[in-house]
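Here is the structure we will look at.
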Ligand code: GDP
Ligand code: GDP
């Protein structure tokens, strides 16, 4: 799994500029907790073939200098707790400030790799000016310009060299990650399963310090249950917990086969839950949605139907996803939830024989061919499932570029109607033949 690199430093030194330079795929997490809107970002990057997640911890609070300082302390503390390496960014234009000195003091005590990055070194004069940052007592610094990119390569060379090789305990077993917002009931869910169940085989240390894997055996089927909530952090601050729980979910999702997404029924399928859902979908993971704490909801005849409809509306067009209403507290349907996750896993690894696929799909296509495009007729000749870890299908035709998204969705829906792909994203390619 990728290591985490955090960027800390006071506002305006150029953290976001640096961040944006490095990140290929950006996942914005905007927290809005306790009236303070914080715009923090993380994203994936890789350098010299080593992948890592970069966090711009720059939680920005508008307020007095006091609040400001506390905020920076918190930022640094979090980076110290959570990151594998820390980039401390300062600004050559302003020179060493009191706040820089405070941060440096915290960082001098850390036994994680710390890299002092002197930013805005855009020209030779500024190179000379940068030496004043030796005064921070952090040793050598890296002079760079986030705006034009100079010096960033040297910094990254040094950073990735220090990143731990997070060994992956490669397991043949399917991995089910239990994800969701804090307090959704993830730990309770896992504890309920473990406590109740004599089929538990072993507890093994997680592949990273971010998760705990439990080897589990049920319905004649063995899998690893990945608990992202199992490790409680000492961070006391609510919004930070939220942020880092999403980070942990991200990593767990990337390495899972199926994501068991728990939400608190009384809070609903809100934006943060949707973030997690789309992350799983974009990563082509199997998904089961568990609406937990159903005991707290005042129920009427159509409650389940209405709640389901609301979720489906939010996740359209990918709404072929199992949604189960559970109460961990009352041990209601928790095994049904696991059974469904197993089904989703099987759907995701299912391979449909080409012959069978064509027997079903070609008549459908013949009956409803792709609409003519710019006066040209598309003729689909056959299709096949690709030998990938999750379902991808290729449809071979004369003019693949003329098949538009609505028709691809039509094909996807027909695949779903005829073969059970519940909970599993499907990709469709049109190929030239
Ligand atoms: P953050 O608050 O630390 O995230 O800082 P930003 O990335 O928002 O940058 C603050 C300001 O510094 C912006 O106006 C940037 O354009 C500018 N800036 C960032 N990097 C450089 C640089 O390498 N050279 C110069 N001259 N300006 C920079
Ligand atoms: P996590 O942060 O997602 O691991 O959530 P926890 O498992 O720590 O649960 C958060 C809180 O929700 C705890 O106080 C649990 O007792 C409570 N909780 C969990 N499941 C249920 C449930 O089904 N019904 C109710 N009423 N409370 C629940």
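How far, in nm, would the chain grow between residue 21 and residue 283 when pulled straight, counting 0.36 nm per residue and subtracting the alpha carbon separation?
Details: separation 262, 0.36 × 262 = 94.32 nm, distance 2.30 nm.
Taking 0.36 nm per residue and subtracting the Cα distance, the gain is 92.0 nm.
Mind sorting 176, 269, 396 by how few other Cβ atoms lie within 10 Å of their own Cβ, fewest first?
Arranged by neighbour count, lowest to highest, 176, 269, 396 become 396, 269, 176.
For a footprinting-style exposure proxy, rank 367, 127, 255 by other Cβ within 10 Å, fewest first.
367, 127, 255
Take peptides 184-190, 405-411, 300-306 and line them up by average Cβ neighbours within 10 Å, highest first, as a rough protection proxy.
On the way: 184-190: 23.0, 405-411: 15.1, 300-306: 11.0.
Going from most to least packed, we get 184-190, 405-411, 300-306.
What full-extension length gain, to one decimal in nm, is calculated for residue 101 and residue 316 as 0.36 nm per residue of separation minus the Cα-Cα distance?
Contour length minus Cα-Cα distance gives 72.4 nm.
Values in this text are rule-based calculations from the coordinates and carry no lab data. Everything numeric in this text was worked out from a predicted model, so none of it was measured. Don't worry about glycine lacking a Cβ; one is built from the backbone with ideal geometry, like all the others, and counts go over all protein chains shown.
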